[in-house]
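To keep things clear, I will list the structure first and then write my remarks on it.
The values are calculated or read from the model by the stated rules, or taken from the named source; none is laboratory data. Bear in mind that the values here come from a model prediction, so they are computed numbers and not experimental data. Cβ placement follows ideal geometry from the backbone for every residue including glycine, while neighbour counts extend to all protein chains displayed. The accessibility values were calculated without ligands, DNA or RNA, using every heavy atom of the protein model including side chains. Shrake-Rupley method; radii C 1.70, N 1.55, O 1.52, S 1.80 Å.
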Amino acid sequence: MSYKLFIPGPIAVSDKTYKAMATPIFGHRSKDFTALVEDCMPRLKQLFYTKDPVYLSTSSSWGIMEGAIRNVVNKRVLNCCNGSFSDKWFDVSKRCGKEADALTFEWGKPVDPEALDKALSSGKYDAVTIIHNETSTGTMSDISALMEVLRKYEDVISIVDTVSSFSALPIKKDELGIDVMVTGCQKALAIPPGLSFLAVSQRALDRSAKTEGRGYYFDFLEFQKNMEKSMTPSTPVIPLIFALRSKLDDIFEEGIENRYARHRANNKLVREWAYAKGIELFPEEKYGSVTLNCFKNNIGIDLPKLLDELKRRFKMVFDGGYGKLKGQTFRISNMGDETPETMGELLANIDAILPEFIK
Ligand SMILES: *Cc1c(COP(=O)(O)O)cnc(C)c1O
């Protein structure tokens with residue numbers, strides 16, 4: 001049983017990547033391991049547009065999203081909430097025992113820079129979390145405008161989740177002034193899940209040094225100490241680091257600008273396909289994600305039945321809505337290795353059966 005995944009993560013993994021994962025492993029304190037990390041690091045930093053170290057974490061993204069909270073929040077964190085993942089981050093902050101407030105926007109709306117500015121001007125906060133691309137609603141906030149606000153607040157550490165946008169469009173960490181930029185491997189990087197990445201500024205490391213209760217596994221200072229030797233604090237998921245190296249080869253062979261353009265083109269293709277049927281985008285168009293489209297189910301598709309049939313007949317899967325939007329929306333990912341041809345194949349397959357499933 002194998003299906004082609006067009007859900008917004010995990011996404012389809014190439015045979016080349018799977019093969020890379022079968023490379024025989026070595027010890028994580030060996031020269032072979034440090035050479036592997038050193039092979040990846042310059043290119044990974046280039047994708048982050050940063051001079052800061054990039055740490056490798058053997059966890060899904062939530063590990064380091066929680067870890068970032070534990071490392072930098074001393075006073076009070078402001079969690080910007082506009083969808084399922086960002087709402088959850090607020091919950092996670094409280095579960096970590098931190099003082100936290102939610103800056104809430106309707107699902108499908110972006111994080112508003114003015115509202116952020118107003119909240120921060122209270123002086124109550126020493127950290128902020130923002131999700132660049134809210135995968136649950138396919139909404140992309142204007143990270144440049146948000147970071148422009150954050151740069152005014154020197155004592156506020158910014159934690160930005162780029163889990164479902166990283167490597168599909170440029171997010172220039174250093175230029176924007178993002179302190180902690182977090183991403184995962186199973187979204188646009190098209191690697192099987194289990195590895196995540198975070199680039200951390202000196203400011204954030206300094207904050208971390210003054211923060212109690214960081215724990216061990218996600219401690220920034222442990223990551224830093226080990227990364228100075230091109231190592232990780234504990235035994236990492238080495239097969240996924242082989243997959244990362246292979247994927248970096250792919251990305252730089254294609255060219256990053258070409259990769260960005262391909263994501264834009266694939267995204268537009270899907271959007272136009274839907275518009276031609278009268279299907280509306282869930283977020284306002286200019287905040288629509290470039291890595292997935294979240295559409296309203298405004299033409300009455302019986303999504304569960306359509307999805308079953310698509311899987312049975314064509315071995316393909318897209319998503320029938322996340323959390324409270326299940327059934328009311330659907331999401332089609334165009335992240336990773338997809339081309340206009342592979343996206344076209346999915347859309348043609350949907351077209352072949354769609355009339356049967358409109359109520
Ligand atoms: C998928 C996703 C996460 C969670 O990632 P895990 O790897 O499942 O922990 C967090 N944030 C965003 C925006 C995501 O798309």
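Near Leu354: Cβ cut-off under 13 Å, other residues only, Lys/Arg at +1 and Asp/Glu at -1. The net charge is 0. Size descriptors for segment 137-252 (Cα atoms only): Rg and Dmax, in that order, 15.3, 42 Å. If you run the Gaussian network model on the chain, springs between alpha carbon atoms under 10 Å, then out of Arg29, Arg76, Arg207 the most flexible one is Arg29. The separation of segment 53-102 from segment 250-277, counted between C-alpha centres, amounts to 30 Å.
Here segment 16-252 exposes an accessible surface that is 51 percent carbon and sulfur, computed with a 1.4 Å probe and the other protein chains kept in place. Taken per residue, the accessible surface of segment 16-252 reaches 37 Å², heavy atoms only and a 1.4 Å probe. Extension gain, Arg264 to Asp308, is 13.0 nm, computed as 0.36 nm per intervening residue step minus the present C-alpha separation.
Place a point 7 Å from Cα of Ala22 in the direction of its Cβ. Which residues in segment 231-264 have their backbone N less than 18 Å from it? Residues 238-247 qualify, since their backbone N sits under 18 Å from the label point. With distances taken between every two different alpha-carbon atoms, segment 16-252 has a Kirkwood hydrodynamic radius of 17.9 Å. When DSSP beta bridges are restricted to pairs lying wholly in the chain, around 50% turn out antiparallel.
Taking the chain as a Gaussian network of alpha-carbon nodes connected by springs under 10 Å, the highest mean-square fluctuation of the residues Gly108, Gly213, Gly336 belongs to Gly213. Counting only residues at least eight positions apart within a chain, or on another chain, the lysines with an alpha carbon under 19 Å from that of Lys4 are Lys16, Lys19, Lys187, Lys247, Lys305, Lys311, Lys315.
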